[in-house]
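Presented below is the structure to which this report refers.
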Amino acid sequence: MGEVRLETVDGILTVTLADVENRNALGATLLNGLHDAISGANADPTVRVVVVTNEGTTFCAGANLKEQSGAARGVRPKLGFEELLVEIQSSPTPIVGKIKGHVVGGGNGLAAAFDIAIAQDDVKFGFTEVRLGVAPAIISVVCLPKMRRGDALELFLRGNRFPASRAAEIGLISRAVPAEELDAAVDEVIADLRLGGPAALGFAKRLVYDVPAMEQKEAFAWTADLSQRLFKGEEAAAGMEAFLKRRKAPWAAGHD
């Protein structure tokens, strides 16, 4: 579909938001394209990393106001925006944001939901919902765990635009880099992710999202059981054998 373009090269699925006319707003077609890409990657063991990027000067402008107002009819979303955010964070496949355009409203939710997000330092972010008479409700679920309360209050209430460097400073994204360094920064992340066991990466994500919500006793019990199962697994056996023999693990073979 035109709004979302997919390209897989050497196990890296690049998902490009390409609805430039609508500034990559979160309409039904774009939501469906993202869902299909992520679910497809999760079902394909040859896909090691998903990279989400954009065409045009806007990475994501948030809600599609034409659809929200009922002015547009047509394609229906397969799942809601909140379900897409859950899908991103629960995906066992690492998902990296390569942000080359401005991020507004709900686009901040996408940026925060990615496992690692790197933006060009010349793009702007903004929780602009209050200026439309609404609030950043759904995205607060994924943004607030990454932000200090004071930063969230200021940015949610003011609705102003702020630079990518500020987004990195408050933890909304991983970091901001000069435009000419973005490709290299993302490639470096991908190279590191290739060195991790595919199943191990998925469980590492689960630790980050699941453990903080557990009581301490429950967390120790769950993680001890998980650790035992992982150490007994085939992936760990292959990884430890490769380490002891000073060679690359099978999933990293062929990559520097």
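What follows draws every value from the coordinates through simple rules; no lab data is involved. From a predicted model like this one, the values you see are computed outputs, not experimental measurements. Backbone-built Cβ (ideal geometry, glycine too); neighbour counts: all protein chains shown.
The figures follow:
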item: Amide hydrogen neighbours beyond the local backbone of Asp122, cut-off 5 Å, H modeled; result: Ala179
item: Asp122/Ala236 FRET efficiency (R0 41 Å; Cβ-Cβ; nearest 0.05); result: 0.45
item: Lys78 long-range amide H proximity, modeled H, under 5 Å; result: Asn32
item: Coil-residue GluC sites (Glu not before Pro) of the range 158-223, DSSP, other Cβ within 10 Å capped at 16; result: Glu215
item: Rounded to the nearest 20 debye, dipole of the chain from Cβ charges on Lys, Arg, Asp, Glu; result: 400 debye
item: Taking the range 1-138 and dividing mean pair separation by its residue count, relative contact order in percent (alpha carbons under 8 Å, at least six apart); result: 23 percent
item: Estimated [θ] at 222 nm from DSSP helical runs (n ≥ 4, -39500 (n - 2.57)) normalised by residues in the chain, nearest 500; result: -13000 deg cm²/dmol
item: Integer Hz, Karplus 6.51/-1.76/1.60 couplings in order for the range 113-118, x for Gly and Pro; result: 6, 4, 5, 9, 10, 10
item: Rg/Rh for the chain, where both radii come from Cα atoms and Rh is the Kirkwood radius; result: 0.99
item: Those residues of the range 74-95 whose amide nitrogen sits under 18 Å from the label point placed on Ala28, 7 Å along Cα→Cβ; result: 74-84
item: Along each principal axis, Cα extent of the range 197-244, largest first, Å; result: 36, 17, 14
item: The range 149-162 - phi-based ³J(HN,Hα) in whole Hz, Karplus 6.51/-1.76/1.60, Gly and Pro as x; result: 4, x, 5, 4, 4, 4, 6, 5, 7, 6, x, 8, 8, 9
item: Spherically averaged projected area in nm², based on the convex hull that wraps the Cα atoms of the range 168-256; result: 8.0 nm²
item: Distance (nanometres) between label positions extended 7 Å along Cα→Cβ at Ile138 and Glu83; result: 1.1 nm
item: Using a Förster distance of 25 Å, the FRET efficiency for Glu215-Ser90 (Cβ separation, nearest 0.05); result: 0.75
item: All lysines inside 17 Å of Lys98 as judged from Cα atoms, apart from same-chain residues fewer than 8 positions distant; result: Lys124
item: Sparse-neighbour loop sites [trypsin sites (Lys or Arg not before Pro); the range 121-218; at most 11 other C-beta within 10 Å; DSSP]; result: Arg148
item: Summed side-chain charge close to Lys146 - residues other than Lys146 whose Cβ falls under 14 Å, Lys, Arg +1, Asp, Glu -1; result: +1
item: Net lengthening on full extension, Leu244/Glu7 (0.36 nm per residue, minus Cα-Cα); result: 81.7 nm
item: Max mean-square fluctuation residue, GNM over the chain, Cα-Cα springs under 10 Å, options Phe156, Phe220, Phe125; result: Phe220
item: Candidate lysines - alpha carbon under 24 Å from Lys232, same-chain residues fewer than 8 apart omitted; result: Lys205, Lys217, Lys245, Lys248
item: Long-range HN-HN contacts of Val49 with modeled amide H, under 5 Å; result: Leu13
item: Arg161 versus Asp192: modelled label distance in nm, points set 7 Å from Cα along the beta carbon direction; result: 3.0 nm
